[in-house]
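K.L.:
Structure below; questions to follow.
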Amino acid sequence: MFAFSQVLRLRVLLVAGLIAVTSSVAIAATVTTLTVTSGGSAVSTVNSGSVVTLTATVTAGTTPVTVGQVNFCDATAKFCTDIHLLGTAQLTKAGTAILKFTPPVGSHHYKAIFLGTPNGVLIAAASTSQTAALTVTGLYPTV
């Protein structure tokens with residue numbers, strides 16, 4: 001059996017070892033950009049019933065980040081949860097995540113949030129895109 005002082009010493013050594021391991025890991029800063037398209041063209045206004053594509057691109061410097069997920073959100077909400085989370089998409093080997101949907105009539109603001117990668121070959125920090133505005137025109141606006 002270990003004496004209390006030996007167990008305490010072992011725990012201190014384990015913690016010191018973990019700190020040494022984690023302090024040597026570099027975390028790459030990322031940039032997330034968001035584009036809004038419909039019918040293959042960038043848009044800021046579409047007619048009701050149009051399919052809209054949100055495309056997030058995530059890079060670490062000039063290198064595409066190819067692992068991780070992106071949340072597409074209502075940018076006017078404080079948190080990207082519940083009804084403010086439009087969808088989640090996996091990054092592709094090109095470093096993009098795509099969400100296609102048909103938004104309701106009205107004014108909308110979207111953002112893309114890269115969730116970061118906690119482990120693996122590249123540890124990448126989370127990042128958020130700029131806000132993209134979209135107006136959907138039609139007869140019956142929603143509130």
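K.L.:
For Cys73, Cys80, what's the largest-to-smallest order of accessible area, 1.4 Å probe?
P.N.:
Order by accessible area, largest first: Cys80, Cys73.
K.L.:
Let me ask another. Starting from the Cα of Ala26, step 7 Å toward the Cβ, then list every residue of region 84-110 with an amide N under 11 Å from that point.
P.N.:
Those under the cut-off are none; the list is empty.
K.L.:
For region 58-143, which chymotrypsin sites (Phe, Trp or Tyr not before Pro) are in a loop by DSSP, counting at most 12 other Cβ atoms within 10 Å?
P.N.:
Qualifying residues, ordered by number: Phe79.
K.L.:
Taking a quarter of the surface of the Cα convex hull of region 63-143, what do you get in nm²?
P.N.:
6.1
K.L.:
Another question, then. Can you list the equivalent-ellipsoid semi-axes of region 22-79, largest first and in whole Å, using the square root of 5 times each Cα gyration tensor eigenvalue?
P.N.:
31, 14, 9
The values are calculated or read from the model by the stated rules, or taken from the named source; none is laboratory data. Note that the structure is predicted; figures quoted are calculated from it, not measured. No Cβ is skipped: glycine too gets one built from the backbone with ideal geometry, and neighbour counts run over all protein chains shown. In case anyone asks, the SASA skips ligands and DNA or RNA and just uses the protein heavy atoms, side chains included. Shrake-Rupley method; radii C 1.70, N 1.55, O 1.52, S 1.80 Å.
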